[in-house]
Amino acid sequence: QMTLVESGGGLVQAGGSLRLSCVASGRTFNSYAMGWFRQASGKEREFVAAISWSGNTISYLNSVKGRFTISRSNAKNTVYLQMNSLKSEDTAVYYCAAGPKVAIMHDEYDYWGQGTQVTVSS
């Protein structure tokens, strides 16, 4: 079993930045690819970004490319999502997830955090 705990969400004005963190425990972190997903109110969960265990493979949702950066520290069992130039449409609950490979489908991931709310005011 792996436990994932997200932090770093909050309220920010459009154009601002936030950095989300997700700390993992219970399993070998560097054996897993890590992903970030988000779910806006009334919408389905959406892939945002993912990174392989080595950091060599990274994937992004098109609408966040150039604004968001995913990274990880295997020494700290932590994955990050740096979010810049935030827009109102980025408002959602953000979840981190762990799985065997970089994937955009949420059912490819085995473990999930509880989520952290990001609200972008326009």
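The values are calculated or read from the model by the stated rules, or taken from the named source; none is laboratory data. Note that the structure is predicted; figures quoted are calculated from it, not measured. Counting neighbours? That spans all protein chains shown, and the Cβs are built from the backbone with ideal geometry, glycine included. The protein model used for the area step is the full one, side chains on, heavy atoms only, and it has no ligands, DNA or RNA in it. Shrake-Rupley method; radii C 1.70, N 1.55, O 1.52, S 1.80 Å.
Restricting the calculation to Cα atoms, the chain yields a radius of gyration followed by a Dmax of 13.2, 40 Å.
A Cβ-based charge dipole, computed about the Cα centre of the chain with Lys and Arg at +1 and Asp and Glu at -1, lands at about 300 debye. Candidate cross-link partners of K43 among the aspartates and glutamates, defined by an alpha-carbon separation under 19 Å and a same-chain spacing of 8 or more, comprise E89, D90, D107.
Sequence-distant contacts, meaning Cα pairs under 8 Å at least 6 residues apart, place the relative contact order of the chain at 36 percent.
For the range 19-70, with all protein chains present and a 1.4 Å probe, just round the carbon and sulfur fraction of the accessible area to a whole percent.
Values: 1120 of 2660 Å².
Carbon-and-sulfur percentage of accessible area, whole number: 42.
Rolling a 1.4 angstrom probe over the protein heavy atoms with all chains in place gives the chain an accessible area of 51 Å² per residue. What aspartates and glutamates sit close enough to K101 to cross-link, taking a C-alpha to C-alpha distance under 19 Å and skipping anything fewer than 8 places away on the same chain? Straight-distance partners of K101: E46, D110.
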